Structure formats: structure tokens, C-alpha cells
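What follows draws every value from the coordinates through simple rules; no lab data is involved. A quick note: this is a predicted structure, and the numbers were derived from the prediction, not measured. Don't worry about glycine lacking a Cβ; one is built from the backbone with ideal geometry, like all the others, and counts go over all protein chains shown.
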Amino acid sequence: MGAVVFILSMFVLGAGAVFGAYYAFTKLPGMMLQRKLDARLDEVVRPADDPQKEATGLVKSRHEGPLPAFEKLVAASARGSALTMWVEQSGVKISISGLLLVALVCALIFGFIVAAALRMSVGWLGGMVVGAALPFMFLRVKRTRRLRAFEEAFPEALDLMARALKAGHAFATGLKMVADEMPEPIGPEFRKTFDEQNFGLPMKDSLNNLTERIPHLDVKFFSTAVLIQRETGGNLSEILENLAHVVRERFKILRQVRVYTAHGRMTGYVLLALPAFLGVALCFINPEHMQLLFRERMGHIMLGATVVMQTIGYIWIKQVVKIEV
């Protein structure tokens, strides 16, 4: 009876996953495009003095989360501050306590699923580790994509500021134009920089805060160039145009490198997925043969060694094909 319930549960979970993936691939893109279109139309037709428009204040808004006391305790530590900056760079509106609670819930859910699937108590440990890591992996992917989007749009922002300076505007006006015209994530980040210097923070501190929020070498070059020009003088518009040209050329070289290393990266993906795929296939072809890996202690050791060796091999291949530009 227990086996029948387990099989029915796995069938329901599998069917739900398939239908959810089908709905996500078919309906979700259209819904996201419609949402972007509605937001853009709302910005166009809304009056300039609309009270619904988000007002910029002197006090920064923070997400307190479900555990405010724990939030303050974590923020007081160095690791907590680094994690807070990490979450802010990802663009996800979540507090540290909320993130840890989500990780705890995912750990319990995945621990139960893995333990029920393997019918071993050791499955709790592996499932909880994987479940707890999933929210942080999601944040890392979001952070990487957001920083990459900022880096790709950064040359356009530099050109926009250079044109504003050529037209006779001040540098702060150029920052405001980038904040108003450029989309997420570069627009909001420049908006923070403009608001900070507009509310009295020195330009040096505002630009340093920008380099902390966006840890890219190009942003550091931009901040350094602006600060040196303010002290020694020079043609800032020409400096920004040259910097935008350098960034674009670096992107061109980086894309060529990705083309040259595509074979190595694909090899790493295949070698990482092949053992898992063969293991699942053998579970259906010869389940008795594969059950030895889950019943015997030597099988447990072999599975652990396989995971460790696969991880080391994937990291090794990734480091081989990684070329800094």
C-alpha cells in the first residue's frame, strides 16, 4: 500500500511539473510582455504630478522582513552586511530574514522528498543541503544577470552623459538624464547616485557608493575618470566617449572568446549530466542492479565519491575555459 501511495505521489508531482512547465513556456512570456506594455503606457499617460508616482525621499526604504530583531543582528555583522549587499545587487525585493526562512522551508521540503524517494535517512541531509542552497543559487543567477545587463547598457549611458555635457549641461544633469531615460538596472542605480549628490553627499562618496553597488571594473574606471577630471580639469565628454568605446571593444573580444570556448563549456555540461542520466536510465532498465548503490554502505560511499569527483571535474573544466578579458 505504501508503494502505491508513493508511486501515485510521484505521478502527481511529475504531472504537475510537466503542466507547470508547459504553462510557463506558453503563457508566461505573453503575460510578462503585456505587463511591460501596461507599465509603459501607464508611464506615458500618467500626469507629472500624479500622487501614485513613487516619491524620492531622504530616508532609504528597507524591507524589514518577518524577523526585524534578527534582521538588525545580521546587519550588524560583516557577513550580514555583505549578504545584504548581495541581495540588493540581485534586485530581488526580499529581506535577509525572509531569505533565510525561504531557505529553511526549501530545505525541509527537499529533505522530505529525497528521503521519501531514497527511503533512507541520509536523504534528509542531502535534500536539506540542496533545498537550502536553491534560494541562494537563484539570487546568484539574478545578481549575475542584473550586473551583466548593467554592464551591457553602460556604454549607452556613457554616450548619453557625453552628449549632455557637449550640449552644455552639468555632470549632475547627465546623471539625471541617464536615470530618467535608461531602463532597469542602470537607470535606478544612477538615480541613487544622483539623489545622493543632490541631497548633499559629496560627488566622490556618491560615485564610491556606485562602485560598491556595481562591482565592475568599468564602473571603477568611470568613477576614477570623473573624480580626476573634477580635480585637474579636462574634456570630460571626450573621456566618457573613449571609455564607452573601450567597453564596447572589450565586449566584442569577450564574445569572440565565448565562441572559441563553446566546445569546452559544452563538454563540461555533457560530462556533468551523463552519469546522472545513465543512473536514471539504469534505474528503469535494471532496478535491482542499481538498488545495490542505495542499500549497501559501499554503494553510499561510491555515490558520495561520484558527486565529489563530478563537482571537481566540472569546476576544473570551467576554470580551464574561463578567460579574463
Exercise. For region 261-325, what does the alpha-carbon gyration tensor say about shape, rounded, prolate or oblate, given a ≥ b ≥ c as the root eigenvalues, a/c under 1.5 as rounded, and a/b over b/c as prolate?
Worked result: oblate
Exercise. For region 148-246, rounded, prolate or oblate, judged on the Cα gyration tensor with a ≥ b ≥ c (square roots of eigenvalues), a/c < 1.5 rounded, else prolate if a/b > b/c?
Worked result: rounded
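Neighbour counts of other C-beta atoms within 10 Å: give me LEU160, LEU292 arranged from fewest to most. Don't skip to the answer; put the middle values down first.
Working: LEU160 19, LEU292 11.
So the residues, fewest neighbours to most, are LEU292, LEU160.
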For this session: Positive end of the charge dipole of region 261-325 (Lys, Arg +1 and Asp, Glu -1 on Cβ, about the Cα centre): tell me which of PRO287, THR311, PRO275 has its Cα farthest that way.
Result: THR311
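Report the extension gain between ASN235 and ILE315 in nm, rounded to one decimal, defined as 0.36 nm multiplied by the number of residues separating them, less their alpha carbon distance.
On the way: separation 80, 0.36 × 80 = 28.80 nm, distance 4.53 nm.
Value of the extension gain: 24.3 nm.
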